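K.L.:
Let me give you the structure first, and then I'll get to my questions.
The values are calculated or read from the model by the stated rules, or taken from the named source; none is laboratory data. Keep in mind that what you see is a predicted model, and the values were worked out from it rather than measured. Cβ: placed from backbone, ideal geometry, glycine included. Neighbour counts: every protein chain shown. To get the accessible areas, we keep the full protein, side chains included, count just its heavy atoms, and leave off ligands, DNA and RNA. Shrake-Rupley method; radii C 1.70, N 1.55, O 1.52, S 1.80 Å.
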Amino acid sequence: MRRTHAILTVVTAGAVAAGAFVTLSPAANAATTLGSAASAKGRYFGTAAAAYKFSDSVYTRILDSEFTMVTPENEMKWDATEPSQNSFNYASADTIVARAKANGQRVRGHALAWHSQQPSWAQNLSGTALRNAMVNHITNVATHYKGQLYAWDVVNEAFSDNGDGSRRNSNLQQTGNDWIEVAFRTARAADPNVKLCYNDYNTDGVNAKSTAVYNMVKDFLARGVPIGCVGFQSHINSASPLPSDYQANLQRFADLGVEVQITELDIAGSGTAQANSYANVVKACLGVSKCAGITVWGIRDSDSWRSGDTPLLFDNSGDPKAAYNAVISAFGSAPSSPSASVSVSPSASSSAPDPGGAGCTATFSNNAWTGGFVTTVTVKAGASALSGWKVALTLPSGAAITNSWSASASGSSGAVTFSNVNYNGGVAAGGSTSFGFQGTGSAPSGTATCTAS
């Protein structure tokens, strides 16, 4: 994702500080990988991939060898594929598809219609003009990839997080409540065989949001709207832990007759706790016959849109973590690639410097692509708890913020300031919280300044 999500990410200092050290054995071999372990159980195991990282040999080694499904991270989104109206650019996405084909991997398309990462020209449209532009976009992109993909995330994140099961009040929603149905019918007309998915976050357990999605899918199936799968992003952290009814929620969707897919899995933390959570996700998928597979959102922790949370299966150096072996074992295979033995011990470092006293610090990481970026900022409290905070940083010339989450932004270019929102102003002493923003142009560099308020 880049991934932009309005989820609350809170990581305790202890969780950030803990790390997994992997001891490589010279006897290790490549007999078992994430993909092969999943395939033995009739599932796929995939990852999000970014074309601009293909020059990184460690990245591509893991990408090519470990996964059986690939999702372009940003390259198939509206701003990437149609930067100017009715002028399409598939170069980066085609690079990912071609590499996957060469490696015998399948591809999930992501995403045809979404309120975020729209090109500026689409953001300036509304009503019938925007609806027609959406239909034209879906038709062209889905036609270009006709017969090449396993599935499409046709519509992404269309429901709100306000707890009442309502639709998100986006510019697409304002074109009429039938926009999701129109998007699915348009995608089906362009490609008669690809699986068509609805994809969302904070729907992992039975709650108002997941129930609203469930009711939409049930209605679509009853009326012949061509939906064949539902994606569960499963961004897991201490504020949004893996729910106890995770498998039951997957099952109720499967009982409708649609395929369920875990599409953007990442789990904050490290060591045994993280490994156990990953194993439990695998076990839940194996427990639902219509769970087709799992995709993690990135390869190494440093590739993640939540890099400060160390949420993936490989560390920054590309070495497998304890969670990697837990996944292999949960699929019923012996861990043998790329490590044969694992020892876990505390790490001395964390994702952010210790503020030392009262106040706070802010660090950030970027996920950038040509013409755009997503920045994730981690705010860490010092020796005293925070009741509120502000973070200031400066964007490069020509860069502009188009969207932010878990913070209120003051300004959209140059010097900008972010303030906490109502649910994440309070941070325990030594604890941390995160927010993020999306923008066009070059990603920020340098430092950010945090002020307790």
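K.L.:
From the list Ala40, Ala80, Ala28, pick out the single residue that is open to solvent by 10 Å² or more (accessible area, probe 1.4 Å), over 19 Å from Ile262 (Cα atoms), out of contact with any Asp or Glu (no Cβ under 6 Å at 6 or more places or on another chain) and modelled with pLDDT under 95. Break it down into steps so the answer makes sense when it comes.
P.N.:
Values: Ala40 fails: over 19 Å from Ile262 (Cα atoms); Ala80 fails: modelled with pLDDT under 95.
After ruling out the rest, the residue left standing is Ala28.
K.L.:
Output the residues belonging to segment 224-250 that are in contact (Cβ under 8 Å) with a residue 12 or more places away in the chain and either among the basic types (Lys, Arg) or closer than 19 Å to Lys195 by Cβ (or both).
P.N.:
Within segment 224-250, Val225, Pro226, Ile227, Gly228, Cys229, Val230, Gly231, Phe232, Gln233, Ser234, Leu250 meet the criteria.
K.L.:
Could you check segment 405-453 and list, in sequence order, the residues that are hydrophobic (A, V, I, L, M, F, W, C) and part of a strand (DSSP E or B)?
P.N.:
If we filter segment 405-453 for residues that are hydrophobic (A, V, I, L, M, F, W, C), which is where we start, we get 405, 407, 409, 415-416, 418, 421, 427-429, 435, 437, 443, 448, 450, 452.
Across segment 405-453, the qualifying residues are Trp405, Ala409, Ala415, Val416, Phe418, Val427, Phe435, Phe437, Cys450, Ala452.
K.L.:
Could you check segment 191-219 and list, in sequence order, the residues that are open to solvent by 10 Å² or more (accessible area, probe 1.4 Å) and in a helix (DSSP H, G or I)? Step through it out loud before you land on a result.
P.N.:
Within segment 191-219, the subset open to solvent by 10 Å² or more (accessible area, probe 1.4 Å) is 192-193, 195, 202, 204, 206-209, 211-212, 214-216, 218-219.
Ala208, Lys209, Thr211, Ala212, Tyr214, Asn215, Met216, Lys218, Asp219 - these are the residues of segment 191-219 that are open to solvent by 10 Å² or more (accessible area, probe 1.4 Å) and in a helix (DSSP H, G or I).
K.L.:
For residues in segment 107-134 being buried (at least 18 other Cβ atoms within 10 Å of the Cβ) and over 16 Å from Ser170 (Cβ atoms), which is farthest from the chain's Cα centre (by Cα)?
P.N.:
So the residue we want is Val107.
K.L.:
A further question follows. Go through segment 141-166 and give me each residue that's closer than 16 Å to Pro192 by Cβ and not in a loop (DSSP other than H, G, I, E, B).
P.N.:
Our first condition is that a residue be closer than 16 Å to Pro192 by Cβ; within segment 141-166, this holds for 141-152, 154.
Answer for segment 141-166, where residues must be closer than 16 Å to Pro192 by Cβ and not in a loop (DSSP other than H, G, I, E, B): Val141, Ala142, Thr143, His144, Ala151, Trp152, Val154.
K.L.:
Determine, yes or no, whether Ser432 is closer than 15 Å to Val377 by Cα, touching a helix residue (DSSP H, G or I) at 6+ places or on another chain (Cβ under 9 Å) and at pLDDT below 85.
P.N.:
On the way: closer than 15 Å to Val377 by Cα: yes; touching a helix residue (DSSP H, G or I) at 6+ places or on another chain (Cβ under 9 Å): yes; at pLDDT below 85: yes.
So Ser432 passes the test.
K.L.:
Here is a further query. Residues that are of a type outside the set (Val, Ile, Thr): which strands (runs of 3 or more DSSP E) entirely in segment 39-139 hold 3 or more of them? Please lay out each step first, then the result.
P.N.:
Numbers: elements: 44-49, 69-72, 106-114.
Those strands (runs of 3 or more DSSP E) span 44-49, 106-114.
K.L.:
Only one of Lys390, Lys380 is in a strand (DSSP E or B) and open to solvent by 60 Å² or more (accessible area, probe 1.4 Å). Can you tell me which?
P.N.:
On the way: Lys380 fails: open to solvent by 60 Å² or more (accessible area, probe 1.4 Å).
Going through Lys390, Lys380 in turn, just one is in a strand (DSSP E or B) and open to solvent by 60 Å² or more (accessible area, probe 1.4 Å): Lys390.
K.L.:
Looking at Glu66, Glu73, which one is more than 30 Å from His115 (Cβ to Cβ), open to solvent by less than 20 Å² (accessible area, probe 1.4 Å) and not β-branched (Val, Ile, Thr)? Even if it seems obvious, please write down each step before you answer.
P.N.:
On the way: Glu73 fails: more than 30 Å from His115 (Cβ to Cβ).
Exactly one residue qualifies, and that residue is Glu66.
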